[in-house]
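A.B. asks: The structure's right below; bear with me while I get my questions together.
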Amino acid sequence: MVDTNFVEDHEGLHYDVCTHNISVDGAANHWLLDAQLLAPTASSERVLNSIQDITFRAEAVARPEVANHDIYRPEAMRTIESEIDRLGPQLRELSLKIHSHPELRFREQFAHDALSDFMANQGFEVTRRYMSHVPSKESPRFMTTAWRAAFTHTPKRAQANRSIRTLGVNSEMDALPIPRGSASHACGHNLIAVAGVAVAVGVKRALEVHDVAGSVVLLGTPAEEGGHGKVRLIEAGAYKDMDACIMCHPGSGPAHMVVNAGSLAIQAIDVQFKGKPAHAALQPWDGINAQDAVVQSFNSISMLRQQLRPDLRVHGVVRFDKSSLPVNVIPSDMSMVWNIRAPTKEGLDDLRQRVVKCFQGAAAATGCTVSIICKQPLLNLQQNAALAREFERTAVNWCGLTAAKVEDSGAFSTDFGNVTYEVPGLHPAYTIPTANGGANHTAEFATAAATKEAHDATIQVAKALALTGFRILDDEAFFRQVKDVFTSLQAIGSEQEKAEAEI
Ligand SMILES: [Zn+2]
Ligand SMILES: [Zn+2]
């Protein structure tokens, strides 16, 4: 048996969230949890998950039916929940199908077809190969795996002055080249895909049952992993009709947590130094050494790091072509690729200027010419605070999840960041259980993305997200708050840009 001290010793949780009814197996450090005797709150599972070598009985992860009614329109939430639960087995099957057909960026054909078919069967108007005719400056020129599923409900009761708002939702689909030469859902985009579906069908049902005016547009967004798929869709105008856009993303961590952290803005920089070849022993003085420019770049950036804030990131690699580098010739053509990351767009602009000077300095020191190509940036996530508050309230009070405090930006980047500069946006992260604490982009995470526990966590988050989306459509005053937050975020950004321009 376990007493209160056990609980209080672990992360300061209260006695009443995890009662004394935990039994200890005969084997040392092997804990069994009886769910019927435990209030299965997020907190209690969190504390227990922190103990090594723990075994849950299956029912221990069941969520309470209703934790607290303090949410927006509980009757709408009941509708959303029963619709998502009704489709639960089909959503699970869809997720597993996508998981077992991992497709790399821009090649998400199987997922495109499976998800489009599913949405068409749910009564959505589906556009396959959405925006595939729109060319991009980047390669590949055409993106053929985006899709769009739309539904609009017009109330029977006339609401003459009422404009219909549109809720956007995103489903990511692409896998990663993990292990090398293969592919897997090591970022759990199969879960994101079905979360988007669940949100869209849940909101659709709530609009119909409660006779609320509104549109929901679910976009299947390709190539999140390095392809900037959503940036292409923004450029093609795919977000123009949305009043807000929401999605969610799994990560590893203590069970049943959600967090609305920001992400880092990121920009790739391609650098090429050109010098002059020469025999490395006979006439090295005639050469101009591009490899020295590379070395000098790394040294300068290593020194720069001491003066960078800890929330900035700079990391680069040399693009070697070994066959072109004979040891007895001064290297005359060398390339590098760098990533820079910062918590804000303005921070990224500042960091870019400082890093570019390192490359220019290296070129000047060695006599090389330098070509510096700064690629299109992915912007930081601007989590809309009004949406975040609403989502967390529902996630905690209805779904029994725990909302983590946001202290820093997450050290990751996503093309949804750019979406949040276009429309009010929310991108909560949530936890799924992984072996050995395996984080995103590991084989352990790919395995975890197929588990029932991960699916159940996704469904809970989707329910909370769906009610948040429903409120955007249903509640004019709430939407005004969301819009005000968005407008003030934009104003801060342009003020900072103005201040920089004046310096
Ligand atoms: Zn990822
Ligand atoms: Zn991802």
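The values are calculated or read from the model by the stated rules, or taken from the named source; none is laboratory data. These numbers come from a predicted model, not from an experiment. All Cβ positions, glycine included, derive from the backbone under ideal geometry; neighbour counts span all protein chains shown.
A.B. asks: Please work out if THR369 is closer than 28 Å to ILE330 by Cβ and hydroxyl-bearing (Ser, Thr, Tyr).
C.D. replies: yes
A.B. asks: Something else now. Taking segment 414-423 only, how many residues are among the hydroxyl-bearing types (Ser, Thr, Tyr) and within 16 Å of ligand 2 (Cβ to nearest atom)?
C.D. replies: Summing the residues that are among the hydroxyl-bearing types (Ser, Thr, Tyr) and within 16 Å of ligand 2 (Cβ to nearest atom) in segment 414-423 gives 2.
A.B. asks: Could you pull out the residue among VAL169, VAL134 that is assigned to a strand (DSSP E or B) and not polar (S, T, N, Q)?
C.D. replies: Going through VAL169, VAL134 in turn, just one is assigned to a strand (DSSP E or B) and not polar (S, T, N, Q): VAL169.
A.B. asks: Among the residues of segment 466-489, are any surrounded by fewer than 24 Cβ atoms within 10 Å (Cβ to Cβ), away from ligand 1 (no atom under 16 Å from the Cβ), at pLDDT 95 or above and under 19 Å from GLU172 (Cβ atoms)?
C.D. replies: no
A.B. asks: Just checking, does segment 394-413 include any residue being touching a residue at least 12 places away in the same chain (Cβ under 8 Å), within 16 Å of ligand 2 (Cβ to nearest atom), farther than 20 Å from GLY253 by Cα and crowded, with 21+ Cβ neighbours inside 10 Å?
C.D. replies: no
A.B. asks: May I pose another question? Among the residues of segment 95-127, write down those that are surrounded by 14 or more Cβ atoms within 10 Å (Cβ to Cβ), within 14 Å of VAL201 (Cα to Cα) and in contact (Cβ under 8 Å) with a residue 40 or more places away in the chain.
C.D. replies: Listed by number, the residues that qualify are LEU115, SER116, PHE118, MET119, GLN122, PHE124.
A.B. asks: Being in contact with a Lys or Arg (Cβ under 6 Å, 6 or more places away or on another chain), not in a loop (DSSP other than H, G, I, E, B) and not aromatic (Phe, Trp, Tyr) is the requirement here; does LEU219 meet it? Lay out the reasoning, then the answer.
C.D. replies: Working: in contact with a Lys or Arg (Cβ under 6 Å, 6 or more places away or on another chain): yes; not in a loop (DSSP other than H, G, I, E, B): yes; not aromatic (Phe, Trp, Tyr): yes.
For LEU219, the condition - in contact with a Lys or Arg (Cβ under 6 Å, 6 or more places away or on another chain), not in a loop (DSSP other than H, G, I, E, B) and not aromatic (Phe, Trp, Tyr) - is met.
A.B. asks: Could you tell me which numbered condition PRO250 fails, if it satisfies all but one of (1) under 18 Å from the mean Cα position of the chain (by Cα); (2) not assigned by TED's automatic domain parsing to the domain that holds LEU465?
C.D. replies: (2)
A.B. asks: Here's something else I'd like to know. Can THR152 be described as more than 16 Å from ligand 2 (Cβ to nearest atom), closer than 17 Å to MET242 by Cβ and modelled with pLDDT of 95 or more?
C.D. replies: Values: more than 16 Å from ligand 2 (Cβ to nearest atom): yes; closer than 17 Å to MET242 by Cβ: yes; modelled with pLDDT of 95 or more: yes.
Yes: the conditions hold for THR152.
A.B. asks: Looking at segment 452-476, I want the residues that are within 23 Å of PRO89 (Cβ to Cβ) and touching a residue at least 12 places away in the same chain (Cβ under 8 Å) and have a partner that is aromatic (Phe, Trp, Tyr) and assigned to a helix (DSSP H, G or I) with Cβ atoms under 9 Å, at least 6 apart or on another chain. Which pairs are those?
C.D. replies: Within 9 Å, the pairs are VAL461/PHE391; ALA464/PHE391; LEU465/PHE391; LEU467/PHE391.
A.B. asks: Six or more apart or on different chains, Cβ atoms under 8 Å: show the pairs whose first residue is in segment 216-235 and among the hydroxyl-bearing types (Ser, Thr, Tyr) and whose second is assigned to a strand (DSSP E or B) and within 16 Å of ligand 1 (Cβ to nearest atom).
C.D. replies: THR221/ASN170; THR221/SER171; THR221/GLU172
A.B. asks: In addition: Which of the residues belonging to segment 177-187 are within 12 Å of ligand 1 (Cβ to nearest atom) and either within 24 Å of LYS463 (Cα to Cα) or of a type in the set (Gly, Ala, Ser) (or both)?
C.D. replies: SER184, HIS185, ALA186, CYS187
A.B. asks: To continue, here is another question. I'd like to check something: does segment 188-196 contain any residue that is more than 16 Å from ligand 1 (Cβ to nearest atom), closer than 27 Å to LYS137 by Cα, among the β-branched types (Val, Ile, Thr) and assigned to a helix (DSSP H, G or I)?
C.D. replies: Among the residues of segment 188-196, not one is more than 16 Å from ligand 1 (Cβ to nearest atom), closer than 27 Å to LYS137 by Cα, among the β-branched types (Val, Ile, Thr) and assigned to a helix (DSSP H, G or I), which makes the answer no.
A.B. asks: Right, here's the next one. Using beta carbons and a limit of 6 Å, which pairs, at least six apart or on different chains, have the first residue in segment 136-147 and in the same structural domain as PHE110 (by TED's automatic domain parsing) and the second one among the hydroxyl-bearing types (Ser, Thr, Tyr) and part of a loop (DSSP other than H, G, I, E, B)?
C.D. replies: PHE142/SER132; THR144/SER132; ALA146/TYR130; TRP147/TYR130
A.B. asks: Go through segment 261-274 and give me each residue that's surrounded by fewer than 21 Cβ atoms within 10 Å (Cβ to Cβ) and within 28 Å of GLY437 (Cα to Cα). If you could, list the steps in order and put the result at the bottom.
C.D. replies: Taking segment 261-274 first, the residues surrounded by fewer than 21 Cβ atoms within 10 Å (Cβ to Cβ) are 261-262, 268-270, 272, 274.
Listed by number, the residues that qualify are ALA261, GLY262.
A.B. asks: For segment 449-464, check the following and say yes or no: at least one residue is outside any helix (DSSP H, G or I) and within 16 Å of ligand 2 (Cβ to nearest atom).
C.D. replies: Checked against the condition, which is being outside any helix (DSSP H, G or I) and within 16 Å of ligand 2 (Cβ to nearest atom), segment 449-464 yields at least one hit.
A.B. asks: Let me ask something else. Just one of (1) in contact with a His (Cβ under 6 Å, 6 or more places away or on another chain); (2) not in a helix (DSSP H, G or I) trips up PHE110, so point out which.
C.D. replies: Failed condition: (2).
A.B. asks: Can you tell me which residue is farthest from the chain's Cα centre (by Cα) among those in segment 219-238 that are away from ligand 1 (no atom under 14 Å from the Cβ) and buried (at least 20 other Cβ atoms within 10 Å of the Cβ)?
C.D. replies: So the residue we want is ALA238.
A.B. asks: Looking at segment 337-375, which of its residues are part of a strand (DSSP E or B) and closer than 15 Å to SER302 by Cα? Quick ask: steps written out before the conclusion?
C.D. replies: First pass over segment 337-375, keeping only residues part of a strand (DSSP E or B): 337-342, 369-374.
TRP338, ASN339, ILE340, listed by residue number.
A.B. asks: Name the residues in segment 436-483 that are within 19 Å of the chain's Cα centre (by Cα) and hydroxyl-bearing (Ser, Thr, Tyr), would you?
C.D. replies: Passing the criteria: THR442, THR447, THR458, THR468.
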